[in-house]
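Here's the structure we're looking at; comments come further down.
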Amino acid sequence: MAVHPTAVIEAGARIGEEVEIGPFCYVAATVEIGRGTQLAPHVTLLGYTRLGENCKVHSGAVIGDLPQDVAYQGGISYVHIGDRCTLREGVTIHRGTQPETVTHVGHDCLLMAHSHLGHNVYVGNHVTIANNTLIAGYAHVGDRAFISGNCLVHQFTRIGRLAMLSGGTAIQKDVPPFCMTRSLSTNTIMGLNVVGLRRAGFSAQERQLLKKALDILYRSQFTTSQAVQHLREQFVHPLIQEFCDFISASERGICHFVRRGEGGDLS
């Protein structure tokens, strides 16, 4: 372990082997840092924060501070961050609101500069969140989602696996798996996240199947519930099952569809 002499490590903090802690960092007594993790100068780790192994936390990040929620009345709550995550400059992640609740970040995630995760947010594995994106409390981000810069995610909103939010997107409704939002729009889907699906190894046949599902959901005469029922009956496939299960579980409703080149909903 290498700790700069200006860093403050409270007694009781659990620091793994080969951890590096830079100048003027602060690590609270109830923090746990996994093996091989590196803290750049001026990192602050508060509360019951647990950082996994081989993470990199850049200058000015503040992890585990109190939730920005008037419902918070004290008590122990947590931030858990998985292995091999990178948190860039100025990232903020707040602990859960209710006692014994968790704000969770999975493995192999990249949170770019000045992104924010509110209390009780859940972020899956292999997720990228770009600069200045704000994710409000209780939002859920599925595995391998990509959230571009300057996006706004309303509390309790869900973003499905391998979905992509284009730059400047604001969402108050759920984004189904495998879909891509329209940039600088509100609650607007413009098609599949084709590049993300290719990079994830989805075959041409799988991508075509998902395109059919998207067409049936958004461009048929079916209501949402009718489209889901039709998809379940016509396509027995794990990807269609995942797509339909996500939509059926939505409590906020899902984003609407707009063709490329058409105007988005900027209201």
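A short reminder: the numbers here are calculations on the coordinates, not readings from a lab. Keep in mind it's a predicted model, so treat the numbers as computed, not measured. FYI the Cβ positions are ideal-geometry reconstructions off the backbone, even for glycines, and counts take in every protein chain you see.
Which percent, nearest 5, of DSSP beta bridges in the chain are antiparallel?
Working: 3 of 60 bridges.
Of the beta bridges lying entirely in the chain, close to 5 percent run antiparallel.
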Over the range 2-138, equivalent-ellipsoid semi-axes from the Cα gyration tensor in Å: 21, 17, 13
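To the nearest 500 deg cm²/dmol, what mean residue ellipticity at 222 nm is calculated for the chain from DSSP H runs of n ≥ 4 alone, each contributing -39,500 (n - 2.57), summed and divided by the residues? Before the final figure, lay out each step's value.
Details: 4 runs with 44 residues, N = 267.
Calculated mean residue ellipticity at 222 nm is -5000 deg cm²/dmol.
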Backbone HN-Hα couplings from phi across the range 47-59 [Karplus 6.51/-1.76/1.60, Hz, Gly and Pro as x]: x, 9, 9, 10, 9, x, 7, 6, 8, 10, 10, 8, 4
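Stretch residue 4-residue 249 to full length: gain in nm at 0.36 nm per residue minus the Cα-Cα span?
On the way: separation 245, 0.36 × 245 = 88.20 nm, distance 4.87 nm.
Extra length from residue 4 to residue 249 when fully extended: 83.3 nm.
Quick one: divide the alpha-carbon radius of gyration of the range 198-257 by 2.2 N^0.38 Å and tell me what you get. Could the numbers behind the result be given before it?
Working: Rg = 11.6 Å, N = 60, 2.2 N^0.38 = 10.4 Å.
Rg over 2.2 N^0.38 Å, computed on Cα atoms: 1.11.
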Counting all C-alpha pairs of the chain, share separated by more than 33 Å (%): 27
Signed unit charges on C-beta, dipole axis of the chain, positive-most listed residue 70, 179, 43: 179
Which of 169, 258, 147, positive extreme of dipole for the chain (C-beta unit charges): 258
Distance between the range 55-80 and the range 228-248 - C-alpha centres, whole angstrom: 37
Local electrostatic count, residue 159, Cβ distance below 12 Å [Lys/Arg +1, Asp/Glu -1]: +3
Cβ-derived FRET efficiency at R0 51 Å, residue 206 paired with residue 20, nearest 0.05: 0.75
Modelled label reach - residue 68, point 7 Å along Cα→Cβ, the range 138-166 residues with backbone N closer than 18 Å: 138-140, 149-157
